[in-house]
């Protein structure tokens, strides 16, 4: 229902607002964005109403632990009377593994798969999850924990990664420094990461018997190029 002209008209009304910078949006309403820690630019919204008589925090997904990409979400607000928040993993019985636990599990899976000459399919979302997995794999290879193999990037992963790299101020200090120094430590430009450009290359990867890792969209296995790899490789014990 929308075309490029609609998008251009919308962008004329967009105003950039920095995190932790308070902005008046109505006579009695002040708005402050803060880091939500979920994906690039994700923010919680603090609304100060009627000179502080009522304060609302509204947010989508929150990440309370520092990740490979982002600092942990801000959870300190001057006052909050009303909280509206997304609730995935919010039940009392839900468990979210720490980054260390997740990294160890990834290392175990990668090591087992490659040692037996297998191929690893990793369904990922183009934004956020794919960059996290890329950094984790890069760390395994650089440290010598796992012998490097080709890591194929299929879908919109490369484009989304370029957007992350162009906004280093939203990333962790360590990652931002590695992107800006350009001294060979940038995990996103490591030699083992290779984009899949077109169906012909994808079919060649599917038919190749050598070990590799494929990061492909969609992260929920409900469509996208990942389905091609899954249909061809899922039956193999390796």
note = Taking segment 186-226 and keeping only residues that are surrounded by 15 or more Cβ atoms within 10 Å (Cβ to Cβ) and over 18 Å from residue 135 (Cβ atoms), one is left with 196, 202, 205, 211, 212, 218, 224, 225, 226
request  = Give segment 45-76 a look and list any residue that's in contact (Cβ under 8 Å) with a residue 40 or more places away in the chain and either farther than 30 Å from residue 186 by Cβ or part of a strand (DSSP E or B) (or both), or say none.
outcome  = none
Residue 86 vs. criteria exposed (fewer than 14 other Cβ atoms within 10 Å of the Cβ), within 14 Å of residue 42 (Cα to Cα) and free of Cβ contacts under 8 Å to residues at least 40 places away in the same chain = yes
task = Could you list all residues from segment 150-160 that are assigned to a loop (DSSP other than H, G, I, E, B) and either closer than 17 Å to residue 109 by Cα or in the same structural domain as residue 67 (by TED's automatic domain parsing) (or both)?
result = 150
ask   = Would it be correct to say that residue 141 is touching a strand residue (DSSP E or B) at 6+ places or on another chain (Cβ under 6 Å) and surrounded by 17 or more Cβ atoms within 10 Å (Cβ to Cβ)?
value = no
message = Being more than 24 Å from residue 159 (Cα to Cα) and not in a loop (DSSP other than H, G, I, E, B) is the filter here; which residues of segment 120-149 pass it?
response = none
key: Which listed residue is more than 15 Å from the chain's Cα centre (by Cα) and either in a helix (DSSP H, G or I) or assigned by TED's automatic domain parsing to the domain that holds residue 120 (or both), from 180, 215   = 180
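The values are calculated or read from the model by the stated rules, or taken from the named source; none is laboratory data. Computed from a prediction, not measured in an experiment: that's the story for all the values here. Here Cβ is always computed from backbone atoms with ideal geometry, including for glycine, and neighbour counts include all displayed protein chains.
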